[in-house]
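Chemist: Just passing along the structure, written as C-alpha cells.
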Amino acid sequence: MLAVCVDVPGGPENLRVGTVPKPRPKDGEVLIKVHATALNRADTLQRRGLYPPPPGESDILGLEVAGTVAEVGPGVRGPWVPEDRVMALLCGGGYAEYVAVPEELLLPVPPGLTLCQAAAVPEAWLTAYQLLHLVAEVKAGEVVLVHAGASGVGTAAVQLARLAGAVPVVTAGSAQKVDAAVALGAAAGFLHSQGDFADGVLGYTGGHGADVILDCVGGTMWERNVRCLAVDGRWVLYGTLGGKAVQGDLLGHLLKKRGRLITSLLRSRSLQYKADLVKAFSERALPFFTDPPARPEASD
C-alpha cells in the first residue's frame, strides 16, 4: 500500500509517498480502508524527530482516521462488518491507505458527518473529553478556562464543557478566534497577547476564578494561571507550546490556592484506558453530533 513516509526528520519537504507492507488485522483488530486522516501537532513534532511513537507502534504519521471497514480480524466481538463507516483513534499509521486498529478504538461515524469531517473528531474530541472528565472531573456549574480556545482541542472542550453544564471561558490569539469560540458556546474570551487574561477571568467570575484550567501553553502562562485559579482548582497541563521552564515561586503560589497541577498525555496511555475513554465518549457525547446547519444559498 501507499503511505506518507519520513526518511529524514525535518520539514514538510522531507515527506514522501512510498510503498510499505499492507497491515493484516491481528486478533481483535479491524482493518480500515482510510478515506481521510487529520493533521495534529503531534504529527508535525514526530516529523521533526521530536515525538517518537510509543514502542511497538507504527512509525507512520497519523493519529486519527475515518474510512470504511475493509476486513474484520479474528476474535472481534463487536458488530463491525465490511463497508461500515468508522473513525478511529490511533497511536500512528493514519497516513496510509489502510490501518489496523483494535476494535475498542473504533467509533461509528455519525450520519450527519462526511468521512473528511469525521477524520478530525477522534484525537481532538477524545483528548478534550478525557481532560475534562477523566482528568479534571469537571462538575456542572464550574468555570473552565480553555487556553487556545479556537484550536481543535479548544473548540471541542468548549462544547463538551457546555454539554457537562460547566461554564467555558477561553483565551485566544485574535479577536476573530475569540469570536469563533464564543459562537461555539464560550461565555467569555480574552486575548492572551493583550492585557492580562487573569484579570478578565477574575472579573468575569466575580473574583472566584477558574475551577478548571485546560492548558496547552505551559511555562509562559504559569503566573497568570495560578492567579486566576480558584481555591481547590485543577490546572491540567497537556502541552508546553509556551516552553517547559518555569522561573519563580510556582509551588508556593499553588500551595496558597490548594491547587492541583495535573499533567496528561493521551497517546502513551494504555489500550484499556483508551477503550474506556472511547466507550464513555461514544455513550455521552457522540449522540450529540448532528447535521451541520445548512449554508444559505447565494442570491442572484
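Chemist: Among (1) assigned to a helix (DSSP H, G or I); (2) modelled with pLDDT of 95 or more, where does Glu223 come up short?
Modeler: Unmet condition: (2).
Chemist: Same structure, new question: Within region 48-66, identify whether any single residue is of a type outside the set (A, V, I, L, M), open to solvent by less than 20 Å² (accessible area, probe 1.4 Å) and within 24 Å of the chain's Cα centre (by Cα), and answer yes or no.
Modeler: yes
Chemist: Then there's this: Could you tell me whether any residue of region 80-103 is in a helix (DSSP H, G or I) and surrounded by 20 or more Cβ atoms within 10 Å (Cβ to Cβ)?
Modeler: Yes, region 80-103 contains a residue that is in a helix (DSSP H, G or I) and surrounded by 20 or more Cβ atoms within 10 Å (Cβ to Cβ).
Chemist: Restricted to region 154-197, and to residues that are part of a loop (DSSP other than H, G, I, E, B) and hydrophobic (A, V, I, L, M, F, W, C), which residue is most open to solvent (accessible area, probe 1.4 Å)?
Modeler: Filtering first and then ranking leaves Leu184.
Chemist: So which residues in region 203-220 are surrounded by fewer than 22 Cβ atoms within 10 Å (Cβ to Cβ) and at pLDDT 95 or above, if there are any at all?
Modeler: Selection gives Gly203, Tyr204, Thr205, Gly206, Gly207, His208.
Chemist: List pairs: first in region 102-114 and more than 13 Å from Glu64 (Cα to Cα) and of a type in the set (A, V, I, L, M), second in a loop (DSSP other than H, G, I, E, B) and open to solvent by 20 Å² or more (accessible area, probe 1.4 Å), Cβ under 7 Å, 6+ apart or cross-chain?
Modeler: These pairs meet every condition: Leu113/Phe289.
Chemist: Is there a residue in region 225-236 that is in contact with a helix residue (DSSP H, G or I) (Cβ under 6 Å, 6 or more places away or on another chain) and touching a residue at least 60 places away in the same chain (Cβ under 8 Å)?
Modeler: Checking region 225-236: at least one residue is in contact with a helix residue (DSSP H, G or I) (Cβ under 6 Å, 6 or more places away or on another chain) and touching a residue at least 60 places away in the same chain (Cβ under 8 Å).
Chemist: Then there is this: Looking at (1) open to solvent by 90 Å² or more (accessible area, probe 1.4 Å); (2) within 20 Å of Ala42 (Cα to Cα); (3) over 19 Å from the mean Cα position of the chain (by Cα); (4) not polar (S, T, N, Q), can you tell me which one Gly243 breaks?
Modeler: (1)
Chemist: Restricting the search to region 7-23, which residues are over 11 Å from Glu97 (Cβ atoms), open to solvent by 40 Å² or more (accessible area, probe 1.4 Å) and part of a loop (DSSP other than H, G, I, E, B)?
Modeler: Passing the criteria: Asp7, Val8, Pro9, Pro21.
Chemist: Checking the conditions here, which among Glu123, Glu137 is at positive phi and touching a residue at least 40 places away in the same chain (Cβ under 8 Å)?
Modeler: Glu137
Chemist: Among the listed residues Leu61, Leu134, which satisfies the condition of being hydrophobic (A, V, I, L, M, F, W, C) and out of contact with any Asp or Glu (no Cβ under 6 Å at 6 or more places or on another chain)?
Modeler: After applying the criteria, what remains is Leu134.
Chemist: Further question: Can you tell me which residue in region 262-281 is most open to solvent (accessible area, probe 1.4 Å), limited to those that are charged (D, E, K, R) and farther than 13 Å from Ala88 by Cβ?
Modeler: Within region 262-281, the match that is most open to solvent (accessible area, probe 1.4 Å) is Lys279.
The values are calculated or read from the model by the stated rules, or taken from the named source; none is laboratory data. Fair warning: this is a prediction, and the values are worked out from it, not measured in the lab. Don't worry about glycine lacking a Cβ; one is built from the backbone with ideal geometry, like all the others, and counts go over all protein chains shown. Each accessible area value is taken on the protein alone, full model and side chains, heavy atoms only, with ligands, DNA and RNA left out. Shrake-Rupley method; radii C 1.70, N 1.55, O 1.52, S 1.80 Å.
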